[in-house]
Each structure stands twice: as structure tokens, then as C-alpha cells.
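Below: the structure, in C-alpha cells.
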Amino acid sequence: MAEKDCRFITNRGMSDSPSSAAGEIVYETLVLPVMAHFPEFATHLFEYDIEPGSIADDFMGTVLEADLVIADMTDLSYSGYFQLGVRVCPGSCCFLTELSQHETD
């Protein structure tokens, strides 16, 4: 039985955009399979509504209350970096990931 809360956060886009779909693919193909090895965690995709110039209260509550936060840094807004800083500052557990493009020969 899950006793701890894990939140995956991303703001790669809104609703049905291609970037939002990419965030869901990361959640379903990477995050969920890994977290299946940690049955003590209930894992949830946090759907972040972009509110330019504001720090969303529901997001801050989620970031501070979760036992583990996995954050997709790809296309993260400036306020998103601040919000994650609030999470990391008191020493709370946070795993960060970002899509990077590598050139191949």
C-alpha cells in the first residue's frame, strides 16, 4: 500500500499540445515504470496550469507536501525554477530531468 506521495511535474505545454503530449510520454514510459519498483509511493502527474507572472498556490502546496518530486526541466518557466528552488531549499527530495539534443555523426 502506498504511504508516500510522488509528483511528476512538467509544463511542456498546455492541454493537447505536442509538448504536453511529450510530457505525458515521459511520465508513462519512464517515470511510472521506475516508480513501480517503489510500491511505497503513489505516483501522480501534476497538471500545471501556466499562469504568467504568478506562483500558483496549488502548485506550491504540491511541491512542498509531496514526499518526492520528479521535475521535467524541459521548457520550464522562470517561475517553475523558483518553485523548485523553494522545494530544494529546505533539503526536500527532488529529482530533475531535462530533454537534451545530441548531435550524432
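Taking every residue in region 35-46 that is without any contact (Cβ under 8 Å) to a residue 40 or more places away in the chain and pairing it with any residue that is in a helix (DSSP H, G or I), at least 6 positions away or on another chain, the pairs with Cβ-Cβ distances below 6 Å are Phe41/Met35; Thr43/Met35; Leu45/Tyr27; Phe46/Thr62.
Restricting to region 11-70, give me the number of residues that are in a strand (DSSP E or B) and at pLDDT below 75.
So the count comes out to 1.
The values are calculated or read from the model by the stated rules, or taken from the named source; none is laboratory data. Every value quoted in this text rests on a predicted model; they were computed, and no experiment measured them. Note that we place each Cβ from the backbone using ideal geometry, even for glycine, and neighbour counts take in every protein chain shown.
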